[in-house]
1. Residues that are of a type in the set (K, R): list the strands (runs of 3 or more DSSP E) wholly contained in segment 31-150 that include at least 1 such residues.
2. Going residue by residue through segment 58-67, is there one that turns out to be surrounded by fewer than 13 Cβ atoms within 10 Å (Cβ to Cβ) and in contact with a His (Cβ under 9 Å, 6 or more places away or on another chain)?
3. Do we find that G64 is under 18 Å from E138 (Cβ atoms) and over 17 Å from the mean Cα position of the chain (by Cα) in this structure?
Amino acid sequence: MLRRVFMAEYKEIVTKAVIAKGKKSTSNKYTLEPEEIPNTILGCWVINNTFNGTSVGDSIIVNGSFDVNVWYSYDNDSKTAVSTKKYNYSDTMHMKSLNSLDSRPEVLVKSLKQPTVADVKIDNGVVNLSIDKELGIEIVGNTKIKVPVETLDDDYEILEDDPPLEEIDKVNEDYLK
């Protein structure tokens with residue numbers, strides 16, 4: 001059997017890939033002024049976290065919002081109420097490399113840690129909140145990769161390492177029976 005010798009070339013393939021990724025943890029302070037003057041905080045939670053990201057130069061801007069519900073007692077701890085407020089946020093993440101063939105790569109944002117209340121205190125009838133969250137970003141865009149491609153080079157000789165066909169024809173096919 002004949003064997004041919006090949007030389008490697010490189011080809012560029014355009015493909016969609018994650019071209020940058022990162023994460024950012026934040027801790028922000030917020031205030032909430034309930035209708036009544038609270039005595040004790042009974043519970044506090046964050047719901048309805050929504051967000052989206054856009055690429056601006058070498059940065060990603062994530063705009064989002066969430067609702068905070070604060071359950072508290074008032075009137076010398078004889079009554080309770082829940083106060084709700086919506087908060088908007090904007091986080092900027094600087095990315096190391098946004099090398100893409102696209103002028104506008106796709107920005108994927110994930111919540112790695114949902115916003116949670118880390119600390120809550122009452123100060124002169126105002127509820128002070130500290131809220132932690134963590135966002136993950138992936139930038140997806142078209143990029144190029146180089147791959148080796150085997151091509152036949154006619155300048156090389158053809159080698160004959162395999163046995164001739166006549167020898168193969170002499171093999172006894174019933175040998176194992």
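1. 79-94, 106-123
2. Yes.
3. On the way: under 18 Å from E138 (Cβ atoms): yes; over 17 Å from the mean Cα position of the chain (by Cα): no.
Spelling it out, it is not the case that G64 is under 18 Å from E138 (Cβ atoms) and over 17 Å from the mean Cα position of the chain (by Cα).
Values in this text are rule-based calculations from the coordinates and carry no lab data. The shown structure was predicted, so the numbers you read here are calculated from the model rather than taken from an experiment. Using ideal geometry, Cβ is built from the backbone for each residue, glycine included, and neighbour counts are taken over all protein chains shown.
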